[in-house]
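Below: one structure, written as structure tokens.
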């Protein structure tokens, strides 16, 4: 039991209540605990474990119901909907074997906050943290941080203990800044208890957050999902299958096999002593390299060493490695500099010469076999460890080969793992709404994002309620300034987010194109993001009057050598810093784009873009990773970037 639950009676003698299963006191599932919030106005589903076929009484305040555990010892009970407010309640489940309870339970609104690092970004790193943490905090705002976990199959509970906490300077320090600041603004407006569930993981791709069924509905992931199902049953067999697929991918892009026993590496470069980030090797070809590098070492073993059970330690690796020993695939791991250890199968080592080959892929920052060198070696059971700190050689892989095959069970870049490990344990809860802040890790495949985001929304509604409102935070400005029109993955993600909001009346988009930092992928001004998110959340979930589509234009038409971009009558626009609107580009059917000036009409509800030359089939606004935009609406909120077809 988690510490927040108290057992009310001794279990007693473990007399089987069902063949082969011992009797046990009832327990509540991990999502329940002291200080939690249950959703007002919705039936309250309570679940947990007990002795198989055990009769239980479940109470929440004055509400009570009786249920019976199934043959596996699982039980679920539904209590009637309740109104917000009133005295804190006690949730209790009792049986003849004992009891479990959660104290100080409030009835209010529950919000799920999810995404990658900008959602995970904590309060103590946001702007003015001392002031934020030192302020008065509403005691009826409650916090739950879901422990990080990526699983091959849906988990029934959290990976580790995760108590609900009352909002305070201590509990908020490491909690999601966007989630809390948004909730604080909502709380000031509606005045009911709020429960905040933060399930986020830096660097994660959206595919990791969608369940397997949802990904199959999106399409294109069946091979990986089939392999994930195999991993849930037998990871060793799945890893062997993955190794075959990885080698097949490589053989499709290259002629040589660097992992083979007789591979020639005499022309490979020597790894400097001490190992470390390949950008610091002094090799100009690696100075700015993001991609893949091969590493290889060769060593001699005695007959006794070759026959002994052994473990290969490779030290820290950043970020994805695939490993072969004597030409045999051993394993694959993701991690930012985390130590790697692989148990070597019997018979893979041999007397005399041996080889270890490592493919390392890095897509951000430092990369490679980062050591330390004294952590690298082969450990033998009952014998002295053999160091492998020296003798490594490397070869850069051409960028055009692309990224290697990714294992579907990898955490941030895998399939369904976080949905299984971090979202599935929340099932049964009813939510008022959810907020999603992610997209950076999918920017290289922006054309897939609209279907994936719609799939995520569908997946959450299957779990938490069919009409669940979802607030989507658009990506902010980040990266190099554009000097000419060009394709942009970040702009593509923003457009996908805008389109999902247009297609679904219960999805709203938060424009942050002015709230980023082009030098920092983690801008600290989370307050402005949260303030805008709160307005969208109030409109979606509480009948507020804010615009939820990012002030999207209604369409674009070409007439008399002018493209007119129309906005609604209730969308007054204004320009800042100039009497001309900047950031516009006109594109032809071949995708060739050119910058164009624009002006705002007198009514403030349309933008006029003169066509100086050439055909026009598309108009873009602020289409870059870090664009400079100057079209704003009331409250000095920027209008959303967009891409529109141009009609006649």
query: What is the distance in Å between the Cα centres of segment 22-59 and segment 525-600?
result: 48
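Kindly provide the helix-only [θ] at 222 nm of the chain, computed as the sum of -39,500 (n - 2.57) over DSSP H runs of four or more divided by all residues, to the nearest 500 deg cm²/dmol?
When only DSSP H runs of four or more count, the value is -5500 deg cm²/dmol.
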- line: Label model pair residue 270, residue 72: point-to-point distance (7 angstrom along the Cα→beta-carbon line) in nm is 5.9
message: Quick check: Cα centre of segment 164-242 to Cα centre of segment 82-141, how many Å?
response: 17
message: Please compute the contact order of the chain in relative form: average sequence separation of alpha-carbon pairs under 8 Å and at least six residues apart, divided by the residue count, as a percent.
response: 13
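Between residue 383 and residue 484, what length in nm is gained on full extension when 0.36 nm per residue of separation is reduced by their alpha carbon distance? Provide the component values of the computation, followed by the final result.
Details: separation 101, 0.36 × 101 = 36.36 nm, distance 6.31 nm.
That works out to 30.0 nm of additional length.
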message: Can you classify segment 441-590 as rounded, prolate or oblate using the Cα gyration tensor, where a ≥ b ≥ c are the square roots of its eigenvalues, rounded means a/c under 1.5, and otherwise it's prolate if a/b beats b/c and oblate if not?
response: rounded
- request: Treat each spin label as a single point 7 Å out from the Cα along the C-beta direction, and report the residue 588 to residue 346 distance in nm.
  value: 7.0
message: Tell me the relative contact order for segment 101-216 as a rounded percent, counting alpha carbon contacts under 8 Å between residues six or more apart.
response: 44
Alpha-carbon centroids, segment 349-425 and segment 259-286: separation in whole Å: 15
- line: Given a Förster distance of 45 Å, the FRET efficiency implied by the Cβ-Cβ spacing of residue 602 and residue 467, rounded to the nearest 0.05, works out to 0.65
statement: Most packed first (mean Cβ within 10 Å per residue), the peptides 201-214, 512-525, 437-450 order as 201-214, 437-450, 512-525
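Please say if segment 212-311 is rounded, prolate or oblate, where rounded means a/c under 1.5 for a ≥ b ≥ c the square roots of the C-alpha gyration tensor eigenvalues, and otherwise the choice is prolate for a/b larger than b/c and oblate otherwise? Don't jump to the answer; show the numbers that get you there.
On the way: a/c = 2.25, a/b = 1.39, b/c = 1.62.
In terms of gyration-tensor shape, oblate.
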59, 580, 328 arranged by Cβ crowding within 10 Å, fewest neighbours leading: 580, 328, 59
- request: Could you list 35, 264, 137 in order of exposure, starting from the residue whose Cβ has the fewest other Cβ atoms within 10 Å?
  value: 264, 137, 35
query: In the chain, what percentage of the DSSP-assigned beta bridges are antiparallel, given to the nearest 5?
result: 80
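Take every Cα pair under 8 Å in segment 555-647 that's 6+ residues apart, average their separations, divide by the length, and report that relative contact order as a whole percent. Walk me through the intermediate numbers first.
Working: 198 pairs, mean separation 32.0, N = 93.
Reported as a whole number, the value is 34 percent.
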- request: Quote the FRET efficiency, to the nearest 0.05, computed for residue 559 versus residue 630 with a Förster distance R0 of 25 Å and r equal to the Cβ-Cβ distance.
  value: 0.55
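Sort 482-493, 605-616 by packing, meaning the average of other beta carbons within 10 Å per residue, with the highest value first. Before the final figure, lay out the partial values.
Details: 482-493: 18.2, 605-616: 15.8.
Ranked by mean Cβ neighbours within 10 Å, highest first: 482-493, 605-616.
Fewest to most neighbouring Cβ within 10 Å: what's the order for 386, 422?
Working: 386 16, 422 27.
Placing the least packed residue first, the sequence is 386, 422.
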- line: Read-out Rg/Rh (Cα atoms, Kirkwood Rh), candidates (i) 0.99; (ii) 1.02; (iii) 0.95; calculated match is (ii)
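Would you mind calculating the gained length between residue 374 and residue 188 on full extension (0.36 nm times residue separation, minus the Cα-Cα distance), in nm to one decimal? Before the final figure, lay out the partial values.
Details: separation 186, 0.36 × 186 = 66.96 nm, distance 5.56 nm.
Length gained, residue 374 through residue 188: 61.4 nm.
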statement: Between residue 566 and residue 240, the FRET efficiency computed from the C-beta separation at R0 = 51 Å comes out, to the nearest 0.05, as 0.30
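So if each residue of separation counts as 0.36 nm, and I subtract the Cα-Cα distance between residue 127 and residue 87, what length gain in nm does that give?
Details: separation 40, 0.36 × 40 = 14.40 nm, distance 3.50 nm.
Here the answer is 10.9 nm.
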field: Point-to-point label distance, residue 53-residue 520, nm (Cα→Cβ direction, 7 Å offset)
entry: 6.3
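Here, each number is a calculation from the coordinates, and none is a lab measurement. Small disclaimer: the values here were computed from a predicted structure and weren't measured. Glycine gets a Cβ as well: all are built from the backbone with ideal geometry, and neighbour counts include every protein chain shown.
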